Amino acid sequence: MSSPQIWLVTGTSSGLGAAFVETIIARGDKVIATARNVDSLLHLKALGAETLQLDVSSSQEELNKTAQDAISIYGRIDIVVNNAGYVQFGTIEETTIEEWNQQYQTNVFGTLNATRAFLPHLRDNKSGTIIFIGSMVAWDGVPTVGTYCSSKAALHYAVEALSREVASVGIKTLLVEPGTFRTKFLSSQNQKRAAPKYKDYEELNMTVSGDFDQLAGNQTGDPQKAAELVVNVVKGENGTGGKKWPSTLLLGSDAVDLIRKRCQETLRELDEWEVLSRSTDVY
Ligand SMILES: NC(=O)c1ccc[n+]([C@@H]2O[C@H](COP(=O)([O-])OP(=O)(O)OC[C@H]3O[C@@H](n4cnc5c(N)ncnc54)[C@H](OP(=O)(O)O)[C@@H]3O)[C@@H](O)[C@H]2O)c1
């Protein structure tokens, strides 16, 4: 039997993060579960997880120190799962720059800072996998969800670049883009909503927030199945082994449908405008 792999997961107090920790333990690997408040991880500790306080929006220095503490628990880390994130709602005009900064500080800069904290260790080992939980909405600018959609799109391309930068060092990345999953993501505690300011957006805000309120608890995705598939892909087990490593792993039929439609529309528009688009070349 191969020796257990050592995982570290961010944002494990609920949802996909907690499902990852439970799945990893069930598969016989070791896991360091992290959260802003370690008291929220007692149930995972009872299952056998090590726990550490980690807020991805902390400074690079603090994250580097936490990474050292994490590495010293088992002497190494093999797989980092960048899962922590939240959604900011509000139209572009009504969201404030502070709300954008906070969204990016967690979903983009925090995720990249946490990654930077572990990269020297993974480069020294010349191996390792870094997983990023993006979103299907990286492909779709949903009205009143632009802050979040753009943060996940920024992450998409940062991860694409990173994967090409570290491949020669022996490090793999896996960008996971889920559709909607039944977690606490849309709960009133975890989501943020910008204060409404303009009557012109009132109807749009009400329609979209009504749609999301209805979606909460009725999402198509099962977090446990999501965690199992990602762990299978990383390990190349349970039917995932013969396939080429995915540049992006979509989770959920809603994600597959949305992105297929988006790709088809993009190709159609490209064809329609191709002659004019090409007409601006010097020669
Ligand atoms: N559920 C969906 O439909 C869906 C779809 C696409 C993508 N995603 C992505 O999936 C990931 C997990 O979300 P989820 O669905 O499992 O939602 P969730 O149940 O709300 O879990 C989000 C986790 O992120 C943590 N978190 C938030 N800000 C943090 C920070 N600054 N530092 C550390 N942890 C932080 C939260 O911890 P606290 O307890 O400290 O708040 C919580 O544990 C997120 O990146 C989300 O964007 C979710």
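Overview of values
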item: Yes/no for R76 being open to solvent by 10 Å² or more (accessible area, probe 1.4 Å), on the phi < 0 side of the Ramachandran plot and more than 14 Å from the ligand (Cβ to nearest atom); result: yes
item: Complete set of residues in the stretch 192-229 that are β-branched (V, I, T) and over 19 Å from the mean Cα position of the chain (by Cα); result: T207, V208
item: When residues of the stretch 155-174 are limited to those that are in contact (Cβ under 8 Å) with a residue 40 or more places away in the chain and within 16 Å of the ligand (Cβ to nearest atom), the one farthest from Q214 (Cα to Cα); result: T173
item: Candidate set: the stretch 34-62, residues that are open to solvent by less than 40 Å² (accessible area, probe 1.4 Å) and more than 10 Å from the ligand (Cβ to nearest atom); chosen: the one farthest from F20 (Cα to Cα); result: L52
item: Where F109 falls short, out of the listed (1) closer than 18 Å to S135 by Cβ; (2) within 16 Å of the ligand (Cβ to nearest atom); (3) touching a residue at least 60 places away in the same chain (Cβ under 8 Å); result: (3)
item: Hits in the stretch 230-244 (condition: in contact (Cβ under 8 Å) with a residue 12 or more places away in the chain and either touching an Asp or Glu at 6+ places or on another chain (Cβ under 6 Å) or buried (at least 17 other Cβ atoms within 10 Å of the Cβ) (or both)); result: V230, V231, V233, V234
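Results for (1) within 15 Å of the ligand (Cβ to nearest atom); (2) touching an Asp or Glu at 6+ places or on another chain (Cβ under 9 Å); (3) more than 18 Å from T106 (Cα to Cα), shown as yes or no for each residue.
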| residue | (1), (2), (3) |
| --- | --- |
| V176 | yes, no, no |
| K184 | yes, no, no |
| S187 | yes, no, no |
| Q191 | yes, no, no |
| K199 | no, no, yes |
| G210 | no, no, yes |
| N218 | yes, no, yes |
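The values are calculated or read from the model by the stated rules, or taken from the named source; none is laboratory data. These numbers were taken from a predicted model, which means no experiment stands behind them. Cβ sites come from the backbone with ideal geometry, for glycine too, and all protein chains shown count toward neighbours. The accessibility values were calculated without ligands, DNA or RNA, using every heavy atom of the protein model including side chains. Shrake-Rupley method; radii C 1.70, N 1.55, O 1.52, S 1.80 Å.
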